[in-house]
Amino acid sequence: MPLKTTLRKDKVYSPFRRLLNMLLTSSAGDSTILCSGYIWQPDDGRYNVLDDDLRNAILPGCKGGKLKTIAGKLYPQFYQDFYRNFVADLRKAGVTVHAFYAPKKNWHAKVAIRMRAQRPVVALIGSSNLTGPAYGENRRNWNYEADVLIWSASHTRSHYFDDVGINQDFGVFDVVLNPKINQPDEDSQLKSILEDVMSGELKEFE
(Lines give C-alpha, C1' and ligand atoms only; values in the text may rest on other atoms or scores of the structure.)
Protein backbone atom coordinates (compact mmCIF):
# COMPACT_ATOMS: atom_id res chain seq x y z
CA MET A 1 0.00 0.00 0.00
CA PRO A 2 1.60 3.33 -1.02
CA LEU A 3 1.25 6.10 1.51
CA LYS A 4 3.11 9.12 2.84
CA THR A 5 3.07 10.60 6.34
CA THR A 6 4.23 14.20 6.77
CA LEU A 7 4.89 16.52 9.68
CA ARG A 8 5.16 20.27 9.31
CA LYS A 9 8.20 21.53 11.20
CA ASP A 10 8.65 25.20 10.25
CA LYS A 11 6.84 28.24 8.92
CA VAL A 12 8.47 28.10 5.49
CA TYR A 13 7.18 24.79 4.16
CA SER A 14 3.70 23.25 4.42
CA PRO A 15 3.60 19.61 3.27
CA PHE A 16 -0.19 19.74 3.62
CA ARG A 17 -0.40 22.59 1.11
CA ARG A 18 1.79 20.74 -1.41
CA LEU A 19 -0.04 17.43 -1.02
CA LEU A 20 -3.51 18.99 -1.16
CA ASN A 21 -2.72 21.01 -4.28
CA MET A 22 -1.33 17.90 -5.96
CA LEU A 23 -4.45 15.92 -5.04
CA LEU A 24 -6.77 18.64 -6.32
CA THR A 25 -5.02 19.01 -9.67
CA SER A 26 -4.26 15.33 -10.26
CA SER A 27 -5.57 13.84 -13.49
CA ALA A 28 -6.31 10.71 -11.48
CA GLY A 29 -9.70 12.23 -10.65
CA ASP A 30 -12.39 14.57 -11.95
CA SER A 31 -13.96 15.79 -8.71
CA THR A 32 -13.10 16.19 -5.03
CA ILE A 33 -14.60 15.92 -1.56
CA LEU A 34 -13.00 18.51 0.73
CA CYS A 35 -13.65 18.39 4.48
CA SER A 36 -12.32 20.71 7.18
CA GLY A 37 -13.18 21.61 10.73
CA TYR A 38 -12.43 25.27 10.07
CA ILE A 39 -12.27 27.25 6.82
CA TRP A 40 -10.66 30.68 6.87
CA GLN A 41 -12.24 32.83 4.16
CA PRO A 42 -12.97 36.38 5.41
CA ASP A 43 -13.98 38.97 2.82
CA ASP A 44 -12.41 42.04 4.42
CA GLY A 45 -8.94 41.93 2.89
CA ARG A 46 -7.35 39.66 5.48
CA TYR A 47 -5.61 36.40 4.62
CA ASN A 48 -7.88 33.75 3.11
CA VAL A 49 -7.07 30.30 1.76
CA LEU A 50 -8.62 30.69 -1.70
CA ASP A 51 -6.48 33.72 -2.54
CA ASP A 52 -3.44 31.82 -1.25
CA ASP A 53 -3.36 29.52 -4.31
CA LEU A 54 -6.11 27.12 -3.22
CA ARG A 55 -8.57 28.52 -5.75
CA ASN A 56 -5.98 28.01 -8.48
CA ALA A 57 -5.76 24.32 -7.54
CA ILE A 58 -9.50 23.75 -7.23
CA LEU A 59 -10.53 25.36 -10.54
CA PRO A 60 -8.61 23.15 -12.99
CA GLY A 61 -8.97 20.11 -10.75
CA CYS A 62 -12.77 20.26 -10.76
CA LYS A 63 -13.30 21.47 -14.31
CA GLY A 64 -16.24 19.54 -15.64
CA GLY A 65 -16.64 17.84 -12.27
CA LYS A 66 -17.86 18.78 -8.84
CA LEU A 67 -16.56 19.84 -5.45
CA LYS A 68 -18.31 18.53 -2.36
CA THR A 69 -17.44 20.40 0.85
CA ILE A 70 -18.05 19.65 4.51
CA ALA A 71 -17.38 22.11 7.32
CA GLY A 72 -18.19 21.45 10.92
CA LYS A 73 -17.03 24.25 13.19
CA LEU A 74 -19.49 27.02 12.36
CA TYR A 75 -19.44 28.63 15.77
CA PRO A 76 -18.71 31.45 16.55
CA GLN A 77 -20.88 32.97 13.83
CA PHE A 78 -17.97 34.31 11.80
CA TYR A 79 -16.93 30.76 10.86
CA GLN A 80 -20.34 30.26 9.28
CA ASP A 81 -19.82 33.51 7.37
CA PHE A 82 -16.36 32.34 6.26
CA TYR A 83 -17.78 29.06 4.98
CA ARG A 84 -20.49 30.92 3.10
CA ASN A 85 -17.82 33.17 1.54
CA PHE A 86 -15.78 30.11 0.55
CA VAL A 87 -18.68 28.41 -1.20
CA ALA A 88 -19.92 31.61 -2.88
CA ASP A 89 -16.44 32.47 -4.18
CA LEU A 90 -16.01 29.08 -5.83
CA ARG A 91 -19.50 29.08 -7.31
CA LYS A 92 -18.86 32.52 -8.75
CA ALA A 93 -15.69 31.11 -10.32
CA GLY A 94 -17.75 28.42 -12.04
CA VAL A 95 -17.27 25.46 -9.72
CA THR A 96 -20.28 23.25 -8.99
CA VAL A 97 -20.17 23.12 -5.18
CA HIS A 98 -22.34 20.87 -3.02
CA ALA A 99 -21.87 22.25 0.49
CA PHE A 100 -22.66 20.39 3.70
CA TYR A 101 -22.15 20.92 7.42
CA ALA A 102 -22.48 18.94 10.62
CA PRO A 103 -25.61 20.16 12.47
CA LYS A 104 -24.14 19.26 15.85
CA LYS A 105 -21.08 21.41 15.04
CA ASN A 106 -18.84 18.50 15.97
CA TRP A 107 -17.24 17.82 12.58
CA HIS A 108 -13.49 18.19 13.08
CA ALA A 109 -12.17 15.76 10.46
CA LYS A 110 -9.74 16.98 7.82
CA VAL A 111 -10.15 14.79 4.75
CA ALA A 112 -9.68 15.41 1.02
CA ILE A 113 -10.73 12.66 -1.39
CA ARG A 114 -10.05 12.72 -5.12
CA MET A 115 -12.80 10.97 -7.05
CA ARG A 116 -13.00 9.55 -10.55
CA ALA A 117 -16.38 8.35 -11.84
CA GLN A 118 -17.64 8.21 -8.23
CA ARG A 119 -14.69 6.07 -7.19
CA PRO A 120 -12.14 7.29 -4.61
CA VAL A 121 -8.58 7.11 -5.93
CA VAL A 122 -6.58 9.36 -3.55
CA ALA A 123 -7.21 10.57 0.01
CA LEU A 124 -5.39 13.03 2.26
CA ILE A 125 -6.17 12.67 5.96
CA GLY A 126 -4.72 14.56 8.87
CA SER A 127 -4.77 17.42 11.28
CA SER A 128 -4.63 20.35 8.84
CA ASN A 129 -7.58 22.71 8.51
CA LEU A 130 -8.10 25.08 5.59
CA THR A 131 -6.55 27.93 7.54
CA GLY A 132 -3.40 30.04 7.39
CA PRO A 133 -1.48 28.19 10.14
CA ALA A 134 -1.89 24.90 8.24
CA TYR A 135 -2.09 25.83 4.55
CA GLY A 136 -0.11 29.07 4.48
CA GLU A 137 3.66 29.38 4.11
CA ASN A 138 6.06 32.04 5.39
CA ARG A 139 3.50 33.33 7.86
CA ARG A 140 4.22 34.33 11.43
CA ASN A 141 1.59 31.99 12.85
CA TRP A 142 1.92 28.33 11.87
CA ASN A 143 1.12 24.95 13.41
CA TYR A 144 2.84 21.60 13.61
CA GLU A 145 0.51 19.50 11.46
CA ALA A 146 0.57 15.81 10.54
CA ASP A 147 -1.08 14.44 7.38
CA VAL A 148 -1.20 11.11 5.55
CA LEU A 149 -1.68 10.58 1.81
CA ILE A 150 -3.00 7.22 0.56
CA TRP A 151 -3.72 6.32 -3.04
CA SER A 152 -4.69 3.43 -5.25
CA ALA A 153 -1.75 1.73 -6.92
CA SER A 154 -4.15 -0.11 -9.22
CA HIS A 155 -5.42 3.09 -10.86
CA THR A 156 -3.22 3.89 -13.85
CA ARG A 157 -3.35 7.66 -13.45
CA SER A 158 -2.43 7.41 -9.79
CA HIS A 159 1.16 6.61 -10.76
CA TYR A 160 1.59 10.39 -10.78
CA PHE A 161 1.95 10.12 -7.02
CA ASP A 162 4.54 7.35 -7.31
CA ASP A 163 7.27 9.01 -9.33
CA VAL A 164 6.41 11.90 -11.63
CA GLY A 165 5.25 14.39 -9.05
CA ILE A 166 5.43 13.72 -5.37
CA ASN A 167 8.83 12.09 -5.02
CA GLN A 168 10.46 15.26 -6.29
CA ASP A 169 9.40 17.05 -3.12
CA PHE A 170 9.16 14.31 -0.53
CA GLY A 171 11.50 11.49 -1.50
CA VAL A 172 10.76 7.81 -1.90
CA PHE A 173 8.21 6.54 0.60
CA ASP A 174 6.63 3.23 -0.40
CA VAL A 175 5.36 1.52 2.73
CA VAL A 176 4.99 -2.24 3.06
CA LEU A 177 2.50 -3.21 5.72
CA ASN A 178 2.95 -6.39 7.70
CA PRO A 179 2.04 -9.19 5.23
CA LYS A 180 1.14 -11.46 8.15
CA ILE A 181 -1.81 -9.26 9.06
CA ASN A 182 -4.99 -9.79 7.07
CA GLN A 183 -6.13 -6.36 5.91
CA PRO A 184 -8.03 -4.71 3.05
CA ASP A 185 -6.15 -3.35 0.05
CA GLU A 186 -5.88 0.38 -0.67
CA ASP A 187 -8.96 0.45 -2.90
CA SER A 188 -11.05 -1.03 -0.10
CA GLN A 189 -9.48 1.38 2.39
CA LEU A 190 -10.31 4.36 0.20
CA LYS A 191 -13.88 3.16 -0.28
CA SER A 192 -14.24 2.76 3.49
CA ILE A 193 -12.95 6.29 4.09
CA LEU A 194 -15.45 7.67 1.58
CA GLU A 195 -18.34 5.76 3.13
CA ASP A 196 -17.40 6.91 6.63
CA VAL A 197 -17.26 10.55 5.52
CA MET A 198 -20.54 10.56 3.65
CA SER A 199 -22.45 8.54 6.24
CA GLY A 200 -22.04 11.23 8.89
CA GLU A 201 -24.88 13.37 10.21
CA LEU A 202 -24.66 16.02 7.52
CA LYS A 203 -27.07 18.66 6.25
CA GLU A 204 -26.89 20.83 3.16
CA PHE A 205 -25.44 24.26 3.80
CA GLU A 206 -27.59 27.17 2.66
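Hey, can you tell me all the residues within region 90-132 that are surrounded by fewer than 19 Cβ atoms within 10 Å (Cβ to Cβ) and assigned to a helix (DSSP H, G or I)?
Across region 90-132, the qualifying residues are ARG91, LYS92.
Quick grid of which residues meet (1) hydrophobic (A, V, I, L, M, F, W, C); (2) out of contact with any Phe, Trp or Tyr (no Cβ under 9 Å at 6 or more places or on another chain); (3) crowded, with 23+ Cβ neighbours inside 10 Å; (4) under 25 Å from PHE78 (Cβ atoms):
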| position | (1), (2), (3), (4) |
| --- | --- |
| PRO2 | no, no, no, no |
| THR6 | no, no, no, no |
| THR25 | no, yes, no, no |
| ARG46 | no, no, no, yes |
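Residues ASP163, ASP169, ASP174: which one is in contact with a Pro (Cβ under 6 Å, 6 or more places away or on another chain) and either under 15 Å from LEU3 (Cβ atoms) or at pLDDT below 85 (or both)?
ASP174
Tally time: how many residues in region 58-82 are of a type in the set (Ser, Thr, Tyr) and over 15 Å from the mean Cα position of the chain (by Cα)?
Number satisfying all stated conditions: 2.
The values are calculated or read from the model by the stated rules, or taken from the named source; none is laboratory data. Note that the structure is a prediction, hence the values are computed from the model and not measured. Ideal geometry is used to build each Cβ from the backbone, glycine not excepted, and the neighbour counts take in all protein chains shown.
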